[in-house]
Amino acid sequence: MKLFVYHTPELTPKDPAPECAIAIDVLRATSTMATVLAAGGEAVQVFSDLDQLMEVSEKWPPAKRLRAGERGGAKVAGFELGNSPLDCTPELVQGCRLFISTTNGTRALQRVQDAPIVLAAALINRAAVVKFLLEKQPETVWLVGSGWEGSFSLEDTVCAGAIAHSILQQTHLSQEELAGNDELISAISLYSQWQDNLLGLLHQASHGKRLLRLECHEDLKYCSQTDILDVLPIQQEAGVLKKQI
């Protein structure tokens, strides 16, 4: 198994596709997706375009759909939800499909949706992702950060490092054997430095600061936790993720 880290969707190679692609958007899309599925949501369907989201979701029964839209960290007007995982309570999402479009995370998922296996990862469900990788042993794995509008983000890179670090701890692999590119090694180093203060790192991150200006303090606290949800969002059809059974 070789792991490759790409800091943004735009940095991924055009071909060939990996055996397994993992989209990461710690703040906050993939954290929200994992939370929705853990709370009993039927599925999460991702869109990069808001108009397309509205068109597709209109065909879904109103009582069984939720629309989540976020741009620049703020909720899109007219949508039931923004991109806060804390709003995704079991009472609200049980049995519903979440139709979601965000600034960065949904773009990452769409970029890798043609891979044979597509997962959504965050710090909160890291253990479930690692368990899957160790069981399935895909030959090539891309860890694709969402970044922020095409630029590097600390929080997505530290999550990639957290996944790789856990794999190293649970196997006899060396870092050299696991690393497919230099970015993987740097991600492990970042996680090793900050693993005891991930909330502090999120406060240092540019998007973390952006969310703090929007009074999203509790979101950062929630998203900085590791291994609190035993849920693995896995793509069932292009753009549609469900909880792995």
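With an 8 Å cut-off on Cα pairs and a minimum separation of 6 or more residues, tell me the relative contact order of the chain in percent. All intermediate terms of the calculation are to be shown ahead of the outcome.
Values: 532 pairs, mean separation 81.2, N = 245.
Averaging sequence separation for qualifying contacts and normalising by length gives 33 percent for the chain.
If one computes the Cα centroid of the range 179-245 and of the range 92-134, what distance in Å separates the two points?
That distance is 12 Å.
So for the range 95-149, Kirkwood radius off the Cα pairs, Stokes-Einstein at 10 °C and 1.306 mPa s: how many µm² s⁻¹?
Value of D from the Cα-based Kirkwood radius: 123 µm²/s.
In deg cm²/dmol, rounded to 500, what helix-only [θ] at 222 nm does the chain give when every DSSP H run of at least 4 residues adds -39500 (n - 2.57) and the total is split over its residues?
Working: 11 runs with 96 residues, N = 245.
Calculated at 222 nm, the ellipticity per residue is -11000 deg cm²/dmol.
Ranking request for peptides 47-59, 23-35: highest mean number of other beta-carbon atoms within 10 Å first, then the rest in descending order.
Going from most to least packed, we get 23-35, 47-59.
Any idea of the accessible area per residue across the chain, 1.4 Å probe, to the nearest Å²?
Values: 10340 Å² over 245 residues.
Normalised by residue count, the accessible surface of the chain is 42 Å².
Which of rounded, prolate or oblate describes the range 163-206 when judged by the alpha-carbon gyration tensor and an a/c cut-off of 1.5? Please report the intermediate quantities before stating the final value.
On the way: a/c = 3.70, a/b = 1.84, b/c = 2.01.
Oblate is the answer for the range 163-206, as a/c is 1.5 or above yet b/c matches or exceeds a/b.
When the expected Rg is taken as 2.2 N^0.38 Å, what fraction or multiple of it is the alpha-carbon Rg of the range 134-245? Intermediate results must be reported in sequence, preceding the final value.
Details: Rg = 15.2 Å, N = 112, 2.2 N^0.38 = 13.2 Å.
Here the Cα radius of gyration is 1.15 times the empirical estimate.
Among Phe47, Ile124, Ala68, whose Cα sits farthest toward the positive end of the charge dipole of the chain (+1 at Cβ of Lys/Arg, -1 at Cβ of Asp/Glu, about the Cα centre)?
Ala68
Need one number: % antiparallel among DSSP beta bridges in the range 1-112, to the nearest 5.
Beta bridges within the range 1-112, antiparallel portion: roughly 15 percent.
If you take the beta carbon distance between Lys136 and Gln193 as r and set R0 to 22 Å, what does 1/(1 + (r/R0)^6) give as a FRET efficiency, to the nearest 0.05? Don't skip to the answer; put the middle values down first.
Details: r = 29 Å, r/R0 = 1.33.
Calculated value: 0.15.
Between Asp51 and His217, how high is the FRET efficiency from 1/(1 + (r/R0)^6) when r is the Cβ-Cβ distance and R₀ = 25 Å? Nearest 0.05.
FRET efficiency, Asp51 to His217: 0.20.
Out of the total accessible area of the range 46-190 (probe 1.4 Å, heavy atoms of protein only), what percent is carbon and sulfur? Walk me through the intermediate numbers first.
Numbers: 2990 of 5990 Å².
C and S fraction of accessible area: 50 percent.
Pull up the DSSP beta bridges for the chain and report the antiparallel fraction as a percent, rounded to 5. Before the final figure, lay out the partial values.
Details: 10 of 36 bridges.
Roughly 30 percent of the DSSP beta bridges within the chain come out antiparallel.
How large is log10 of I(q)/I(0) for the range 176-233 at q = 0.12, 0.15, 0.19, 0.28 Å⁻¹ when the intensity is taken from the Debye formula with one equal scatterer per alpha-carbon?
-0.39, -0.59, -0.83, -1.06
Under the rule of at least 5 residues apart or a separate chain, name every residue whose amide H is placed under 5 Å from the amide H of Cys96.
Glu42
First obtain the Kirkwood hydrodynamic radius of the range 52-210 from its Cα pairs, then insert it into the Stokes-Einstein equation at 20 °C and 1.002 mPa s, and state the resulting D in µm² per second as a whole number. Each step should come with its number before you reach the end.
Values: Rh = 17.5 Å.
Once the numbers are plugged in, D ends up at 123 µm²/s.
Dipole size in debye (nearest 20) for the chain around its Cα centre, Lys and Arg Cβ +1, Asp and Glu Cβ -1? Mind showing how you got there, number by number?
Numbers: 21 positive and 30 negative charges, 90 e Å.
Dipole magnitude for the chain comes out near 440 debye.
Under 1.5 on a/c is rounded, so check that first for the range 1-112, then, if it is not, pick prolate when a/b is larger than b/c and oblate when it is not; a ≥ b ≥ c are the square roots of the alpha carbon gyration tensor eigenvalues.
Values: a/c = 1.89, a/b = 1.69, b/c = 1.12.
Judged from the Cα gyration tensor, the range 1-112 comes out prolate (a/c at least 1.5, a/b above b/c).
The values are calculated or read from the model by the stated rules, or taken from the named source; none is laboratory data. What you are looking at is a predicted structure, and each value in this text was computed from that prediction instead of being measured. FYI the Cβ positions are ideal-geometry reconstructions off the backbone, even for glycines, and counts take in every protein chain you see. For accessibility, only protein heavy atoms count, side chains too; no ligands or nucleic acids. Shrake-Rupley method; radii C 1.70, N 1.55, O 1.52, S 1.80 Å.
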